[in-house]
Amino acid sequence: MTTETKKKHCKDCGGAQVNHKIMYTSILLGSLIDPWTNWMGKLLPESSLEWIGPGLIKTMTFLRLGKITREPLSDDSGRTTVLWEEAKMRGIEMYEFRLFGIGHDIFISKYKGEMRCFDVLPRPKDYNPSGLQWMDNKNEMKKHFRKAGIPVANGDITSSVKKGLGILNTLNKPVITKPNLGSRSRHTTIHISDEKEFVRAFKMPACSLRL
């Protein structure tokens, strides 16, 4: 008789469950290597994925550092599953490279004799990739939106409860808190009206919060 181990379900991650330890480690490592990746990005821009990506993926697969899948797997996110479904409906041949067997949303697509290599979501061939450096950082994104004349909600970023309470007291209630990095509404708390509710939201598994 075997006992099936149930995965822990985080109600604050909702339908986009992640491993919190891996997420924290990823954010920490990201803060350390971002200066290097930004420097490398200037030498080897994302557009170079079009020609270097397929060869690199074949090499890493040969070295058994990763594997290629041609169908969505159970641990793929809803967004990735939809991407697979749309590719199939449109007659686009697509496969995913999973580094160390873990999905990182790195894809190769083939359509009408043209091959594309992209991460997360496909983008037009001729686009300005500079936005990729700030669009996942909500505080930086707000600055760019304001500069472009796009209305944004008042608020700020904090990594301490004390500063967060100070920000809270300058805003009209209720407010929303969410991690500064991340997506798909993970660990977002709405309808916060007092300091007690804010402290509870702040202590969720998140490295820094934005109000």
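Remark: the Ser193-Ile102 segment gains 28.8 nm on full extension, using 0.36 nm per residue and subtracting the alpha carbon distance. Run the paramagnetic zone check for Asp75: 7 angstrom along Cα to Cβ, then residues of region 91-107 with backbone nitrogen under 12 Å. Within reach of a label on Asp75: 98-105.
For the cross-link pairs Lys163/Lys196; Lys143/Lys196; Lys142/Lys196; Lys67/Lys112, the ones whose C-alpha atoms lie over 19 Å apart are Lys143/Lys196; Lys142/Lys196; Lys67/Lys112. Given their separation in residues at 0.36 nm each and the Cα-Cα distance between them, Ala148 and Leu56 gain 29.4 nm when the chain is fully extended. Among the GluC sites (Glu not before Pro) in region 70-138, none is located in a DSSP loop while being surrounded by at most 10 other Cβ atoms within 10 Å of its own Cβ. Projected over every direction and averaged, the convex hull enclosing the alpha-carbon atoms of region 42-149 yields 8.7 nm².
Partners of Lys162 within straight-line reach, counting aspartates and glutamates whose Cα lies under 18 Å from its Cα and excluding those fewer than 8 residues away in the same chain: Asp194, Glu195, Glu197. Rounded, prolate or oblate: pick one for region 55-108, where a ≥ b ≥ c are the square roots of the eigenvalues of its C-alpha gyration tensor, a/c under 1.5 means rounded, and failing that, prolate if a/b is larger than b/c, else oblate. Note, shape of region 55-108 comes out oblate.
Values in this text are rule-based calculations from the coordinates and carry no lab data. As the structure is a computational prediction, the values presented were derived from the model and not from experiment. Backbone-built Cβ (ideal geometry, glycine too); neighbour counts: all protein chains shown.
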